[in-house]
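The values are calculated or read from the model by the stated rules, or taken from the named source; none is laboratory data. Note that the structure is a prediction, hence the values are computed from the model and not measured. Note that we place each Cβ from the backbone using ideal geometry, even for glycine, and neighbour counts take in every protein chain shown.
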Amino acid sequence: MRLSFASILLICSFANCQPAPHYQSVRIGMCSDVHLPTMHDSEKRMTAFVDSMEIAQPDFIIELGDFLIPDEKFTPFYELWKRFPGPKYHVIGNHEMDGGTSLQEALAYRGMENSYYTFEQKGFLFIVLDGNDKKFPDQQGYRSYIGPAQIQWLQKQLAAATMPIVIFSHQGIGSDPGNPGERYSIENDAEVRALFDAHNQANPKSKIIACFNGHTHHDHVENREGIWYITINSMSYKWLGEEYAHIRYSEAVDKDFRWIKYTAPYKDPLFTVVEISTEGFIKIAGSYSEYVGPSPWELGYPEHLKEVVKPQITERYLEFDF
């Protein structure tokens, strides 16, 4: 039976029909802390990620820092990353400048103009931050800070935003369980979160939905004032430290890749596809593996970290108000 347009209107009026809301959804292929120079099987891990993303076909892929330093010997690994046919984005981690590499060298190698920037996809604004600013001019060593110039830039991006916002950084902006006395988030995390919270209160149509970070090699989420702070686990391993040294593969591997024995490597690479929808949810695909060799707990690693130290990215369904 064919219904006339008038009949359809009449049926809708009786049923109190309302047009279905239009939702925006974006799918992101995501990995973090690949540490290509550290692992002897980096080519296999990167190949597995890119092959999976070519099948999953997310709207873009992003790595959340600690990827590799610009060295000719690592070029084949970077070429694997570039094989993905869609948009690709980088976050600058603290290990990108290892071996005396300058920030500008790290950026040039990746074809990046700046270490903090924005882009848009599927009705979302994505803001990439750089947590490696110096707190004071002559600061040495690894840094975990977002400085005044970047804060000012961030304020301008938030003020101009007209769509929902997702933040990417290497170091965390929320909190993350860690060893006593050791800080895992940026030093001025409270200042940045206050900026986020004030923005969300004043701008309900361009709210910050979530902040994704790597750095800790943990599997962790928390909600603060309606914003999800999500730590994506390392693709490769959990760093344990010299006091937990254990040869995981062989003496030959250890000879050429001397840092692996201070880690608890994951047998399979960990990565995920994240879907974010204005319908009010974040879906994180699960990725599960096991340790190569003894677990951290068999070596005496602190028991209180069991909640976040695990060879997995947990499958999650997170809701938010929009």
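Check off (1) touching a Lys or Arg at 6+ places or on another chain (Cβ under 8 Å); (2) surrounded by 13 or more Cβ atoms within 10 Å (Cβ to Cβ); (3) farther than 20 Å from His95 by Cβ for Thr162 and give me the number that stays unchecked.
Unmet condition: (2).
Residues that are at pLDDT 90 or above and of a type in the set (Asp, Glu): which helices (runs of 4 or more DSSP H) entirely in the range 1-102 hold 1 or more of them?
42-56, 75-82
Anything in the range 278-319 that is more than 16 Å from Thr231 (Cα to Cα), in contact (Cβ under 8 Å) with a residue 12 or more places away in the chain and in contact with a Lys or Arg (Cβ under 8 Å, 6 or more places away or on another chain)? List them, or say none.
Of everything in the range 278-319, those that are more than 16 Å from Thr231 (Cα to Cα), in contact (Cβ under 8 Å) with a residue 12 or more places away in the chain and in contact with a Lys or Arg (Cβ under 8 Å, 6 or more places away or on another chain) turn out to be Ser289, Glu290, Tyr291, Val292, Gly293, Pro296.
For Met112, work out the one condition from (1) part of a loop (DSSP other than H, G, I, E, B); (2) under 30 Å from His304 (Cβ atoms); (3) within 19 Å of the chain's Cα centre (by Cα); (4) without any contact (Cβ under 8 Å) to a residue 60 or more places away in the chain it doesn't fulfil.
Unmet for Met112, out of (1) part of a loop (DSSP other than H, G, I, E, B); (2) under 30 Å from His304 (Cβ atoms); (3) within 19 Å of the chain's Cα centre (by Cα); (4) without any contact (Cβ under 8 Å) to a residue 60 or more places away in the chain: (2).
Going through the range 271-322 one residue at a time, which ones are of a type in the set (A, V, I, L, M), under 17 Å from Ile167 (Cα atoms) and either assigned to a helix (DSSP H, G or I) or in contact with a Leu (Cβ under 9 Å, 6 or more places away or on another chain) (or both)?
Ile282, Ile284
Among (1) in contact with an Asp or Glu (Cβ under 8 Å, 6 or more places away or on another chain); (2) at pLDDT below 95, where does Lys283 come up short?
Exception for Lys283: condition (2).
How many of the residues making up the range 253-267 are β-branched (Val, Ile, Thr) and either over 13 Å from Ser236 (Cα atoms) or within 21 Å of the chain's Cα centre (by Cα) (or both)?
So the answer is 2.
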